[in-house]
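What follows is one structure encoded as C-alpha cells, with my remarks underneath.
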Amino acid sequence: MKLISVVLSGGAGTRLWPASRQAYPKPFMKLGGSALLEQAITRGQACGTDDLLIVTNQDHLFLTQGLLSDMADPPRVRYLLEPKGRNTAPAIALAALDCQAAHGDDAVMLVLPADHLIPDTEAFVANALEAVRQAQKGRLVVFGIQPTSPETGFGYIEVAKLGRDVQPVLKFVEKPDLATAQEYLATGRFYWNSGMFCFTAGAMLAALAQHAPDVLQAAGKALAQSTSQAMSLPDEPNPPHVTRFHAHSFGLQPDISIDYAVMERADNVTLVPARFGWSDVGAWPAVAQAHTPDASGNTLGAADGADWVAVNTTGTHVHVDSHCHKVVATVGVQDLVVVDTPDALLVTTKREAQNVKRVVDALKERHINSPHHQSTLLPPAVHRPWGTYATLKEEDGYKVKRITVKPGQSLSLQYHHQRAEHWMLVHGRGIVQIGDTEHPTLPGQYHYIPLKEKHRLTNTGPDELVLIEVQCGDYLGEDDIVRLADTYGRS
C-alpha cells in the first residue's frame, strides 16, 4: 500500500491578525514550540506515510521549504503551487490526479489541513490508520469531532448516534445559527466536520466524475497546462518536485469546497470519530486555550523580547513580537486578547475575537496596503528564500532595515533606480559585491552602495549573517529592485 500525506496549506488566517498575514499565514504560526504546518507534516509521518504532497500558494514555496529544511527528518515532498486560492475541491482534485499519475488508483491519500492543533499524536495515528483501512475498502472517510459546545463556526455531520464506532454518514450540514447548533447537540447525532479526510486517489476521482465533473474536468485542464520540475537546491540529493500552474487555466476551476462538491452527494462516505483533542485554531481564544494558564487564567503566547506585568488581570491572553525589549502591562482587565507587533496592535475581548476579520477587511477597504503600509499583507519580519528583512524605522527620505542571511545563501545581484544604501555588518561574515569588486566583510565593517550600482550580499560563514541597511532616496518601495542574477529564479 502506498500512503500519501496531502497537506492543504492555504488560507490567510485573518481572525489571527496581526500575527497572521497574507505573506505569513496561520500555518506558519508556532504553537507548542513548532509551526502548525510542521505539526501536520509530522502527524503524517507518524502514520507511516511514504511521501508528502503539499498544496500551497506559490508565494509560500520557499517559506515552506525553509521550514522543511529545518526539520530533523524531512520527508520526500512534491508541491502543487497555486497562483491563487481556489477552495478545497480543486485542491483535492489536483492532488488526486497527481497521486494517481505518480502511484496509481490504489494510493491512499491522508488529507490534512496545515493549520490544526492536535496535541495527542498517538491517538491521531490510531484513528488515521482506521481511516486508511476504511479507504482501502473504497470509502470516502471524514474525521468527526464530538462537539463540546454549540459552535456556529463549524460544519456538522449527522450519523445514527454518537459513539466510538466507524459509521456511515447520513448528511453534511453547513455552519448553523446558535439555535440550530443547540438542537444538533441535543439530538446526540451530530459531529463537527474536522476537514480531514482519507480515501484512495481512484475513489476520489470516481466520486468527482460522478458528482462534480466540472471540477474534475477543470482540474485536468489546469494540470495539463502546468509545468513540473525538480527544484535546484545545493547539496540536496533528493530535491522536491514542483508543479506550477498557468494562472488562466487554474482560475477557471470552480471555487467550491470538497464538502459541497462531493461529500454531501456521495453515498459511500464513512465517519471515523476522533479520539484526540482537536482545534482548528480559528481565533485568538483558541490560541489562548493551547497555552497553560497561570493561577488567574492568563496565558502568554509568543513573547519575543518582552516582559508582561499583570496586575488584577484575569483570563487574558498576551502575544508580543517586538524588535527590541518591551514591557507590556495590563491592569484591572479581564478576558482580553492583546496582540502587539512592531507595526500593529490588537486589543479585543475574547467574546468579540471572531470579529478580528472585520479589521482586516476595513484596512483593505481603506486602500492603506501601499508600499509604506502593508499591515495585512507582510509580517514585521518578511521571509525570503535567503533569509529575512524587517523594517526598523521609516520616514520621508530614509528607511532602516535589519537583514538576515542564512549560511551559504545570497541576495540577488541587483541595483536600484531611486535609492542608495549603506550597509553595516553586525554578525557573521560574508562577501559584499559592489560593481565588479568583491569585499570580504566582517562585523563592524561598512560599505556604501551608490544609486544604480549593482551589488550583492553573500553569507560565507557557518552562522546567520546579520546586516543593518540604511536606504536613502525619494522612493523606498520594495518594487525598486532590478535583478540581474538570482539563485532562486526570481525576475
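The values are calculated or read from the model by the stated rules, or taken from the named source; none is laboratory data. These numbers come from a predicted model, not from an experiment. Neighbour counts are summed over all protein chains in view; Cβ atoms, including those assigned to glycine, are modelled from backbone coordinates with ideal geometry.
Tabulated data for the structure shown
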quantity: Scan of segment 374-400 for residues that are modelled with pLDDT of 90 or more and not in a strand (DSSP E or B), ordered by number; calculated: TRP386, ASP396, GLY397
quantity: Unmet requirement for THR487, which otherwise passes all of (1) of a type in the set (Val, Ile, Thr); (2) in a strand (DSSP E or B); (3) surrounded by 16 or more Cβ atoms within 10 Å (Cβ to Cβ); calculated: (2)
quantity: Pick from segment 143-180, criterion aliphatic (A, V, I, L, M) and crowded, with 21+ Cβ neighbours inside 10 Å, ranking: farthest from ALA95 (Cα to Cα); calculated: VAL159
quantity: Helices (runs of 4 or more DSSP H) wholly inside segment 172-266 containing at least 2 residues that are touching a helix residue (DSSP H, G or I) at 6+ places or on another chain (Cβ under 6 Å); calculated: 201-211, 213-224, 247-251
quantity: Qualifying residues in segment 439-484 (those that are of a type in the set (Lys, Arg) and over 22 Å from LEU392 (Cα atoms)) - the one surrounded by the most Cβ atoms within 10 Å (Cβ to Cβ); calculated: LYS454
quantity: Filter result for the condition that a residue is under 30 Å from PRO25 (Cα atoms), of a type in the set (Asp, Glu) and in the same structural domain as ARG265 (by TED's automatic domain parsing), over GLU174, GLU130; calculated: GLU174
quantity: Complete set of residues in segment 243-281 that are assigned by TED's automatic domain parsing to the domain that holds LEU16, within 30 Å of PHE62 (Cβ to Cβ) and small (Gly, Ala, Ser); calculated: ALA247, SER249, GLY251, SER257
quantity: Matching residues, segment 21-38, being among the polar types (S, T, N, Q) and in a strand (DSSP E or B); calculated: SER34
quantity: Residue match in segment 214-229 (condition: out of contact with any Asp or Glu (no Cβ under 7 Å at 6 or more places or on another chain), at pLDDT below 90 and surrounded by fewer than 19 Cβ atoms within 10 Å (Cβ to Cβ)); calculated: yes
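Matching residues to (1) in contact with a helix residue (DSSP H, G or I) (Cβ under 9 Å, 6 or more places away or on another chain); (2) among the β-branched types (Val, Ile, Thr); (3) over 23 Å from ASN298 (Cβ atoms):
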position	(1), (2), (3)
ASP340	no, no, no
LEU346	yes, no, no
ALA353	yes, no, no
ASP361	yes, no, yes
GLU365	no, no, yes
SER375	yes, no, yes
ARG384	yes, no, yes
ARG402	no, no, yes
LYS406	yes, no, yes
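To keep it simple, each residue is scored yes or no on (1) assigned to a helix (DSSP H, G or I); (2) more than 15 Å from the chain's Cα centre (by Cα); (3) not assigned by TED's automatic domain parsing to the domain that holds PRO240.
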position	(1), (2), (3)
ALA19	no, no, no
ALA40	yes, no, no
THR49	no, yes, no
LEU67	yes, no, no
ARG86	no, yes, no
PRO90	yes, yes, no
